[in-house]
Amino acid sequence: MTDKKKVKKYFVKIEPDECKGCERCVNACPKAVLKMGTELNFMGFPFAYYVGAGCVGCSACFYNCPEPGAVTIFEVSDDADGDSEKEEDEED
Amino acid sequence: MTENTNMKVKYGRSKGFFETFERRPGAIKKNMHYCPGCGHGIVHKLIAESIADFDIKDRTIMIAPVGCSVFSYYYYDYFGISAPHGRAPAVATGLVRANPDNIVVSYQGDGDLGAIGFNNFIQAANRGENIAVFFVNNGIYGMTGGQMAPTTLPGQKTATSPTGRSVTNEGYPLKVSEMVAALDAPIYVERVSLSSTKNIARTRKAIRKAFQNTIDKKGFSMVEILAGCPVNMKFNSREMNEFIENQMQHYFPLGCFKDIADTRDPIKRPEGIFDKQKVKDILYPIKVAKGVSADFKNESKIFQKERKIKIAGFGGQGVLSLGMMIATMGKLRNFNVTWLPSYGPEMRGGTANCTIITSRQKVCSPIVDKLCNLLIVLNQPSMEMFLPELKQNGVLLYDSSTIAPPKCSEDKIIYAVKASDIAKKIGSLKCANSVILGALSVVMKDYFLEGKDKKDFDRAFEEAIMDCFADKQNVIQMNIEAFYAGKEAVEATLTNPHPGV
Ligand SMILES: Cc1ncc(C[n+]2csc(CCOP(=O)(O)OP(=O)(O)O)c2C)c(N)n1
Ligand code: SF4
Ligand code: SF4
Ligand code: SF4
Ligand SMILES: [Mg+2]
């Protein structure tokens, strides 16, 4: 794997109106970069949000989330000036 | 930061879902109906992802059970069918048997699968149907408000076990995976959980494996998924995961119980027939044009009322088929007829009897309780048993090769024919019932039929014989011979032929 090491950046987006505030993603994030807000969405639920940096694209939040489209994880290509920190991609 | 062209979706809304859930009533079209943190949502996501990845959307049918997932067809961009509570595996069986290329998913809760539908489930498993069962075990009846399920843990409080499940009263939780893995037919059985990211990854793998098996037509796969119903259990998501991990997984150990797909060949079953005409031809083969024309009206007044015929003998004498021939004859002459057999648990050797009712009117009930108009008796014990049931002025026809002349009141009209002896001479004792039929044709002409009803009447009997022995062509001739022999024998004994009624 060492020869395949490549620095990748990730960005996670939580759609406020698709989140039901169950906190599964918040609990699952190994980097603790997801938090619960206090505002309520159109369904009346508080919703989670990304603190803006530190996502490693591990997909834990995506697969823990019971909603189809609340969580989207993006890969940001190298030349983009994303806010995400440089991390080793954990290939599976 | 905002999305820009340098951002590529790595994990996002699956193409297995509809973009918007138009089937879902109300204003919410992007979300599912499940409570926050519900296990069903996670399982749905994994299923949608598999189906999109395997590219099997156009031939996948998922059956929605009764339970919280009853509306799962709102969400998936493939076929969905609702089944009555617990019947998903039966519906799945029909779908996959009708078209073996269908990828059929039976999605079920623990109440649905483990309680009301357990027999449907276990039989489908035992038949090795080529389906994937995703069994969402949340240990509770979610939809109806948190009642105890077959998988509720000992001591677990639910709406219907307020002091905790008692194993002495309610028994132990049902270990479905262990039970189904013990059967020979299923090929893949695994229990997984949604308690952690790692466990969800295993669930994802298991669901994909079940799909792969189904695509390969290897047979029955089941994935039992320990899931949360945080709302009914009054847990937050952290407590829910801990409960699954520490309590549920303790009682229901995770792991693969069976994985033998490699050792099995793809299932091949006879192809279904979907052409209406073909099905009709198979069920009701038309052999020869039979019977009188549809507008033929029987004129014999006697048939204004029901004529009740009883035939009795021992099993193996052809009692039931004799009855069937008479009923068929009646049918071919446009009578309304019923035929009702009655025999003991033993196939042969015991007593057997059947009743036939013929009428120009509708027959109200096929049951002849006492009082019949015509009694046909083929052995001595039946004579003793049924003679008292013969109505006043009733007709008795019996096999005089084995039965002694009965003592009965003057009003009875008696015909005897040495049916067994004649049949033996013709070549087989088995056609004794056709000899009786021949005798009956004489009786009917004498006592039941009037005017043009008598015309061509023997043809109806001949046709009835051909009809009843349609799958034994080689014996038709012998039975027709027996029929005429019976007819002749009775006619010869009539010194004073009875006038028609
Ligand atoms: C024939 C019939 N009996 C009972 C019910 C009531 N009922 C609806 S859902 C359900 C149990 C559902 O439990 P489960 O299968 O565990 O599904 P969950 O909601 O927990 O996912 C019952 C008993 C019904 N709908 N139909
Ligand atoms: S992808 Fe992983 S690191 Fe990024 S927010 Fe989700 S859980 Fe956290
Ligand atoms: S897991 Fe999904 S629904 Fe739950 S808080 Fe996170 S984004 Fe919202
Ligand atoms: S009641 Fe339970 S199983 Fe049903 S949707 Fe809510 S959390 Fe899910
Ligand atoms: Mg349940």
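The values are calculated or read from the model by the stated rules, or taken from the named source; none is laboratory data. This structure is a prediction, so every number in the text was calculated from the model and none was measured. Cβ atoms come from the backbone with ideal geometry, glycine included; neighbour counts cover every protein chain shown. These area figures cover heavy atoms from the full protein model, side chains too; ligands, DNA and RNA do not enter into them. Shrake-Rupley method; radii C 1.70, N 1.55, O 1.52, S 1.80 Å.
Within the range B:30-69, how many residues turn out to be open to solvent by 40 Å² or more (accessible area, probe 1.4 Å) and over 19 Å from B:Leu226 (Cα atoms)?
Result for the range B:30-69: 8.
Mind listing whichever residues of the range B:1-29 are open to solvent by less than 50 Å² (accessible area, probe 1.4 Å), closer than 20 Å to A:Asn64 by Cβ and of a type outside the set (Phe, Trp, Tyr)?
Listed by number, the residues that qualify are B:Gly12, B:Arg13, B:Ser14, B:Gly16.
Have a look at A:Lys35, A:Lys31 and point out the one that is within 7 Å of ligand 2 (Cβ to nearest atom) and open to solvent by 30 Å² or more (accessible area, probe 1.4 Å).
Details: A:Lys35 fails: within 7 Å of ligand 2 (Cβ to nearest atom).
On inspection, the qualifying residue turns out to be A:Lys31.
Just give me the residues in the range A:25-41 being in a loop (DSSP other than H, G, I, E, B) and either in contact with an Asp or Glu (Cβ under 9 Å, 6 or more places away or on another chain) or closer than 14 Å to B:Pro36 by Cα (or both), in sequence order. Can you show your working first?
Of the residues in the range A:25-41, the ones in a loop (DSSP other than H, G, I, E, B) are A:29-33, A:41.
Matches in the range A:25-41: A:Lys31, A:Asn41.
So if I check each of B:Ser382, B:Ser401, which one is touching a residue at least 12 places away in the same chain (Cβ under 8 Å), more than 34 Å from the chain's Cα centre (by Cα) and in a loop (DSSP other than H, G, I, E, B)?
B:Ser401
Would you confirm whether any residue within the range B:150-168 is free of Cβ contacts under 8 Å to residues at least 24 places away in the same chain, basic (Lys, Arg) and in the same structural domain as B:Gly219 (by TED's automatic domain parsing)?
Yes, the range B:150-168 contains a residue that is free of Cβ contacts under 8 Å to residues at least 24 places away in the same chain, basic (Lys, Arg) and in the same structural domain as B:Gly219 (by TED's automatic domain parsing).
Check B:Ile422 against each of (1) open to solvent by less than 10 Å² (accessible area, probe 1.4 Å); (2) modelled with pLDDT of 95 or more and name the one condition it does not meet.
It is condition (1) that B:Ile422 fails.
Looking at the range A:38-52 only, could you name the residues that are modelled with pLDDT of 95 or more, open to solvent by less than 70 Å² (accessible area, probe 1.4 Å), under 17 Å from A:Thr72 (Cα atoms) and more than 10 Å from ligand 2 (Cβ to nearest atom)?
Scanning the range A:38-52 gives a single hit, A:Phe47.
Pick from the range B:9-49 the residues that are among the basic types (Lys, Arg) and farther than 23 Å from B:Asp110 by Cα: which of them is farthest from the other protein chains (Cβ to nearest Cβ)?
The residue in question is B:Arg23.
Find the residue count for the range B:87-141, including only residues that are more than 20 Å from B:Asp216 (Cβ to Cβ), within 18 Å of the chain's Cα centre (by Cα) and open to solvent by less than 10 Å² (accessible area, probe 1.4 Å).
Qualifying residue count, the range B:87-141: 3.
Out of the residues in the range A:23-62 that are among the polar types (S, T, N, Q) and closer than 19 Å to B:Asn199 by Cβ, which is farthest from ligand 3 (Cβ to nearest atom)?
Initially, the range A:23-62 is screened for residues among the polar types (S, T, N, Q), giving A:27, A:38, A:41, A:59.
Checking which are closer than 19 Å to B:Asn199 by Cβ leaves us with A:27, A:59.
Details: A:Asn27: 9, A:Ser59: 12 Å.
Across the range A:23-62, the extreme among qualifying residues is A:Ser59.
Take the conditions touching a helix residue (DSSP H, G or I) at 6+ places or on another chain (Cβ under 7 Å) and assigned by TED's automatic domain parsing to the domain that holds B:Val368 and apply them to B:Ile309. Does it pass?
Here the answer is yes, as B:Ile309 does meet what is asked.
Being open to solvent by less than 40 Å² (accessible area, probe 1.4 Å) and not aliphatic (A, V, I, L, M) is true for just one of B:Thr160, B:Thr144, B:Thr151. Which residue is that?
Details: B:Thr160 fails: open to solvent by less than 40 Å² (accessible area, probe 1.4 Å); B:Thr144 fails: open to solvent by less than 40 Å² (accessible area, probe 1.4 Å).
Going through B:Thr160, B:Thr144, B:Thr151 in turn, just one is open to solvent by less than 40 Å² (accessible area, probe 1.4 Å) and not aliphatic (A, V, I, L, M): B:Thr151.
Only one of these conditions is not met by B:Lys370: (1) open to solvent by 50 Å² or more (accessible area, probe 1.4 Å); (2) over 39 Å from the mean Cα position of the chain (by Cα). Which number is it?
Condition not satisfied by B:Lys370: (2).
Across the range B:163-173, which residue is least open to solvent (accessible area, probe 1.4 Å) among those that are hydroxyl-bearing (Ser, Thr, Tyr) and not in a helix (DSSP H, G or I)?
Among residues in the range B:163-173 that are hydroxyl-bearing (Ser, Thr, Tyr) and not in a helix (DSSP H, G or I), the one least open to solvent (accessible area, probe 1.4 Å) is B:Ser166.
Tell me, yes or no, whether the range B:233-243 has at least one residue that is polar (S, T, N, Q) and loosely packed, with under 12 Cβ neighbours inside 10 Å.
no
Applying the selection to the range A:42-77, what residues are under 12 Å from the mean Cα position of the chain (by Cα), among the hydroxyl-bearing types (Ser, Thr, Tyr) and facing another protein chain (nearest Cβ under 7 Å)?
A:Ser59, A:Tyr63, A:Thr72
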